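Here's the structure we're looking at; comments come further down.
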Amino acid sequence: MPETTDAPVPETDAKAAEAKPTEAPAPAVVPVKEMKSIVLTGFGGVKMMKVQQKPEPSAGDGEVLIRVKACGMSFTDLMVRQGVIDHPPKTPVIMGFECAGIVEAVGANVTDFNVGDKVIAFSDYKAWSELVAVSANYVYKVGDNLSFHDGAALLMNFVVAYIILFDLAGVREGQSILAHSLGGGVGQAIIQLANTIPNVTIFGTASSHKHEAIKSKGNVAHLFDHNADYTQAIRKESSDGVDIVLDCLCGDDTNKGIALLRPMGKYILYGSSNIVSGETRSIFSFAKSHLLTHLQLPDKMVWWQVDKVNPLKLFDDNKMIGGFQLRRLLFRQGHYEYVRKVVTRVLDLFNQGKIKPIIDSVWAFEDVGEAMQKLCDRKNIGKIILDPTAEPTPKSPEKKTAEATVSAEGAAGEEKKDALANGE
């Protein structure tokens, strides 16, 4: 065989090979940082709330990023869970409207806050998480004398109570007040704020088992069980009624409240917790929601038990009625500067030792279902707090078995509903 020799590589080809760029290594995938959050996965019972990992938010333009240390729970959260709130959110959604914590970062154009500031804040959802990004318009600095738990218990309760009592009802020395649900967070705030005015007589309703505890925390002249005929009981003590009615219930209590007003009296509606019934919304609540949503009835028609209001009768009787919803005032109507002034006044009262938040209990995120059930059952006296750093309550074997049974029954129920929907 003839000898073969390798042909020499032309110099130009060799240089081209040397000059050929090597492929750059693929950029390393940066893992997404996650945080613990309480997520509403759908409307219904407590099982619809799940503790899940969600991507950490960042502070956008005009926003403050807060490392959450405590969150407040209110009846608004319960109504969101049951889907009976006005303009319910699309699920899944991180729940919660109020929190206390430390500023972790500030976005562009934020000048009033610095990293490390201790703050309390309102949030249009998303507060029940380890981190929340909130517009600086809804964030308020606080001192070291206000703990995180007290801050979360103070914010919404005392702001609502201050506005309805002082700015809307205009309570004055020597007047009388009827307020419902005095065992709740706002009810406790109403008592404390009213007690700062001399000679204000407080009539209130609450479950009988709460009466002793409520009277031990503030000056309440007359306390009645809501299920009793409290209107007659009030008439026995004050034949011409009361000057101010602060109603968080709505329904037939609205009619009773307006009827109890003296001439020049004021009725303020600031809630509608009568719409909440049991673990999930009642058939009446569902019907109300369905009528408002699908038949496009007026948004003002929130409860058919309320009598029609005749302006001429109010004129003749010298009575005034009004309503207040903090979330809408703050997030939809843009009155955040007014709310900031109220927060300043509330914090001044706290710093003077005239008010102090009442906390019923503190719960871990993982125990949110039990916490909300306590609120739903009206067993709390004061504010219920969620703490993202708290350890969950150990569950007994019996409780785990019961929860598994409930989950299995729920799954079977869903399968049954699906079968019926498919004509099976």
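Using C-alpha pairs under 8 Å with a sequence gap of at least 6, the mean separation divided by the residue count of the stretch 181-220 gives a relative contact order of 49 percent.
Could you give the distance between the Cα centres of the stretch 201-221 and the stretch 338-379, to the whole Å? For the stretch 201-221 versus the stretch 338-379, the Cα centre distance is 18 Å. For the residue pairs Lys54/Lys383; Lys50/Lys90; Lys210/Lys356; Lys266/Lys313; Lys69/Lys356, alpha carbon separations beyond 21 Å are given by Lys54/Lys383.
Read-outs throughout are calculated quantities, based only on the coordinates presented, and are distinct from any laboratory measurement. The structure presented is a predicted model; accordingly, all values stated were derived computationally and were not measured.
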